[in-house]
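Reviewing the structure listed below.
The values are calculated or read from the model by the stated rules, or taken from the named source; none is laboratory data. The model shown is predicted, which means the values in this text are computed figures rather than measured ones. Positions of Cβ are generated from backbone atoms using ideal geometry, with glycine treated the same way; all protein chains shown enter the neighbour counts. Just the protein is used for accessible areas: all its heavy atoms, side chains included, with ligands, DNA and RNA removed. Shrake-Rupley method; radii C 1.70, N 1.55, O 1.52, S 1.80 Å.
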Amino acid sequence: MNPILVTGASRGIGAALTALCAARGRPVIAVARHFAARPAPGVTQITADLAGRDGIARAAAAVTMPLHALVNNAGIQQALDLADPDPAAAEREIALNLVAPLHLTCALLPQLPRGATVVNVTSLLARHPKPSAPVYCASKAGLASLTRSMRHQLGPRGITVIEALPPLVDTQMTAGRGAAKMPPETMARAILDGIERGRPRIAPGPSRAVLALDRLLPELVARLMARG
Ligand SMILES: NC(=O)c1ccc[n+]([C@@H]2O[C@H](COP(=O)([O-])OP(=O)(O)OC[C@H]3O[C@@H](n4cnc5c(N)ncnc54)[C@H](OP(=O)(O)O)[C@@H]3O)[C@@H](O)[C@H]2O)c1
């Protein structure tokens, strides 16, 4: 069985997806900078910093067989005050959230046969930004656009390209924020089932409702998202 490569696999949605794949007998190549636990059977851990080209090359070099899917999940979200910015932090955020999915997907094209899938994990904030995280929102908007471009170019090669839009999920990224958050295991199940279904978008639960409302009342949704 061909493996799924999951970036950002050490915690949160990526760790839950890795665990789910392992439980279903699907091999996983798990990529992150630090792993606290030893890999489960069927999981290969690759330590790589994807915010730089060396780390991307290292992750790509670890793939020696055709992939079932590539899940570009690793991401960071940082607050940024435009009046007092941290340029290095902003560039790192763009590098991980937008540039890494681009370069990793290109580098792995030889390992993505007809029938393979690329999943890019974007955000509802790609549609409407929240004020405190302008670079995060811009990077996810860029990734959403890149996803559509990938679909144009990779579709003719028989590769399905999917955008996954999590709602608020209970991970380290959202610690101390929001209520009624989706468990990461539920989001992981939506991603894995979405890969098998092959539809262009994975938007479980509240995400689907927000996207539906956005089609009818985009200004209302923009105001709600701006509340953060
Ligand atoms: N949680 C939500 O509500 C939510 C909503 C919408 C979208 N998303 C998106 O879902 C994805 C997963 O988010 P999450 O909530 O699971 O976040 P998380 O719990 O903070 O996990 C982020 C993952 O990315 C990895 N990572 C961070 N910097 C990295 C780097 N430089 N190189 C390689 N890996 C790196 C982390 O591992 P290391 O630190 O070990 O490298 C970790 O495994 C992200 O793209 C996020 O934007 C999340």
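Could you work out what % of the accessible surface of the chain is carbon and sulfur, using a 1.4 angstrom probe and leaving DNA, RNA and ligands out of the count?
56 percent
Across the range 66-76, rounded Karplus estimates of 3J(HN,Hα) from the backbone phi angles (6.51 cos²θ - 1.76 cosθ + 1.60, θ = phi - 60°) give x, 9, 6, 7, 10, 10, 7, 10, 4, x, 10 Hz, Gly and Pro being marked x. Here the Karplus relation 6.51 cos²θ - 1.76 cosθ + 1.60, evaluated at θ = phi - 60°, turns the backbone of the range 113-120 into coupling constants of x, 3, x, 7, 10, 10, 10, 9 Hz, with x for every Gly and Pro.
Can you pull a Stokes-Einstein diffusion coefficient for the range 1-95 at 10 °C (1.306 mPa s), Rh from Kirkwood over Cα pairs, as a whole number of µm²/s?
It diffuses with D of about 112 µm²/s by this estimate.
The charge dipole of the chain, taken about the Cα centre with unit charges on the Cβ atoms of Lys, Arg (+1) and Asp, Glu (-1), comes to about 640 debye, rounded to the nearest 20. Separation of the range 10-64 and the range 85-130 by C-alpha centroid, Å? Taking the Cα centre of the range 85-130 as reference, the centre of the range 10-64 is 16 Å away. Each 5 Å bin from 0 upward holds the following percent of the Cα-Cα pairs of the chain: 1, 7, 15, 19, 21, 17, 11, 6, 2, 0, 0.
Between Arg177 and Glu196, the simple label model (points 7 Å from Cα in the Cβ direction) yields a spacing of 3.1 nm. Between Ala37 and Gln153, the simple spin-label model (points 7 angstrom out along Cα→Cβ) gives 3.7 nm. A dipole drawn for the chain from +1 and -1 charges on Cβ atoms has a positive end, and of Ala48, Cys137, Leu217 the residue lying farthest that way is Leu217.
Simple spin-label estimate for Arg114 and Ala212 gives 3.7 nm between the two label positions (7 Å along the Cα-to-Cβ direction from each Cα).
Near Glu91: Cβ cut-off under 15 Å, other residues only, Lys/Arg at +1 and Asp/Glu at -1. The net charge is -1. Here the 3J(HN,Hα) profile of the range 161-176, calculated from phi with Karplus coefficients 6.51, -1.76 and 1.60 at θ = phi - 60°, is 10, 10, 9, 9, 10, x, x, 5, 10, 7, 9, 4, 4, 10, 4, x Hz, Gly and Pro shown as x.
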